[in-house]
Amino acid sequence: MVTVKTGERLLLGEKTYDIVDDIDSGKEDSVKRPELRLPSNSDGIRFVSADAPEGVKNVLVGVQNKGYIGLIDFMGGDSSIVQAARTSYGSGTRATRQDRGLIRYLMRHDHTTPFEMVELKFIAKMPIFVARQWVRHRTANINEYSGRYSIMIDESFVPELDSVLGQDTRNRQGSQGELPDNVRMDFINDVETISKEAYERYRKALDAGVSREMARIMLPLSVYTKWYWKNDLHNTFRFLTLRLDTHAQKEIREYAVPMFALVNVVAPIACEAFREFTLEGTRLSGKEQDVLAIMLRGKSFEEACVRSGIELMRSDGTHLKTGEGPELREKIERMEKRAEKLLNATQAE
Ligand SMILES: Cc1cc2nc3c(=O)[nH]c(=O)nc-3n(C[C@H](O)[C@H](O)[C@H](O)COP(=O)(O)OP(=O)(O)OC[C@H]3O[C@@H](n4cnc5c(N)ncnc54)[C@H](O)[C@@H]3O)c2cc1C
């Protein structure tokens, strides 16, 4: 199976994506997707407007060459969140709070059920190693391509050269640090060779009469699968919180970014609140608040940590690289960067 690019591009959030087609979708969907009717900007790039969110249902956006994600259906939007909230708080809220204010209030105070009134149905094609992380989000309804019923997709994920990094020594789940070119190129060649060979042997087994459910066991995690993934907005935000984070693997983040942009078309006010209070927000423990309060009184970060009981050093005097102390330092550095950006912008005015 091949993913065919239509040659058109879509502006989604801050990025432009290839619009792709799935030539097999005709076989799976009895209803063919309607013709693309999205407007385009002066550069000829298509865009979806929050005023006409239905247009988004027509589009599959390309991810990592062979994958894609599309929001093929949805129910509700910002207005259904507000409507549900007013049912619980009564009509009195209408006079005192505008829709945006109400949604931001709900987000800030974890009043989550109104966000569950919005339903989102995605279609996505991704390598199996990405699907294994994605499937851990248990509240979604999933229907996956069946390797028992159908022949597995003859496409494998091959990373870009720049994505092949060394083992992160601090975060044991992560990648960090450059590798020599020959190591990266050998790795990519091996991925390509093994994926091709595994698929050829898989087909050989099928041709010899081995059942599809058994033959597939020799395929690697790089092989593509695809599924329908339906979730409500609250739990989609949970997915996005974890999978947009820098601790998530880059290859799943590459799906989370367009997913968030697609959701933004359906519920822009809720997404704005989610970005501000969750993605860009931070959680502070009691001790962490003590550190900040002490620093506001002119003490250094190190002294504030000692007084608050947050450890920065081991008993042998060496600096800790992980744990509460270093994480708090990172939080404060992020805050400082935001403040610097803000101050520079206001100075420039
Ligand atoms: C960076 C990263 C590294 C990870 N590493 C590993 C790993 O090494 N090994 C591993 O096994 N997993 C790993 N995971 C998966 C992780 O532990 C979670 O299973 C996954 O992220 C789903 O999170 P969730 O449970 O919050 O989400 P969902 O399953 O989508 O649930 C959403 C929310 O619904 C509620 N909920 C759902 N189901 C239940 C339930 N049964 N009972 C009570 N409340 C429920 C919870 O509030 C939950 O937060 C990793 C995840 C990330 C982001």
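Would you mention how many residues in the stretch 107-121 are more than 13 Å from the ligand (Cβ to nearest atom) and surrounded by 22 or more Cβ atoms within 10 Å (Cβ to Cβ)?
4
Go through E155, E197 for me and flag whichever is surrounded by fewer than 13 Cβ atoms within 10 Å (Cβ to Cβ) and among the acidic types (D, E).
Step by step, each of E155, E197 is checked, and only E197 is surrounded by fewer than 13 Cβ atoms within 10 Å (Cβ to Cβ) and among the acidic types (D, E).
For the stretch 220-235, what are the residues that are in a helix (DSSP H, G or I) and near the ligand (Cβ under 9 Å from one of its atoms)?
Scanning the stretch 220-235 gives H234, N235.
When only residues in the stretch 138-180 that are outside any loop (DSSP other than H, G, I, E, B) and at pLDDT 90 or above count, which is farthest from the ligand (Cβ to nearest atom)?
That would be S156.
For the stretch 237-270, give me the residue count where each residue is in a helix (DSSP H, G or I), more than 8 Å from the chain's Cα centre (by Cα) and either more than 9 Å from the ligand (Cβ to nearest atom) or buried (at least 20 other Cβ atoms within 10 Å of the Cβ) (or both).
12
So which residues in the stretch 95-117 are among the polar types (S, T, N, Q) and modelled with pLDDT of 95 or more?
T112, T113
Taking the stated definitions as given, is E200 over 25 Å from D51 (Cα atoms), more than 16 Å from the ligand (Cβ to nearest atom) and assigned to a helix (DSSP H, G or I)?
yes
The values are calculated or read from the model by the stated rules, or taken from the named source; none is laboratory data. Everything numeric in this text was worked out from a predicted model, so none of it was measured. Counting neighbours? That spans all protein chains shown, and the Cβs are built from the backbone with ideal geometry, glycine included.
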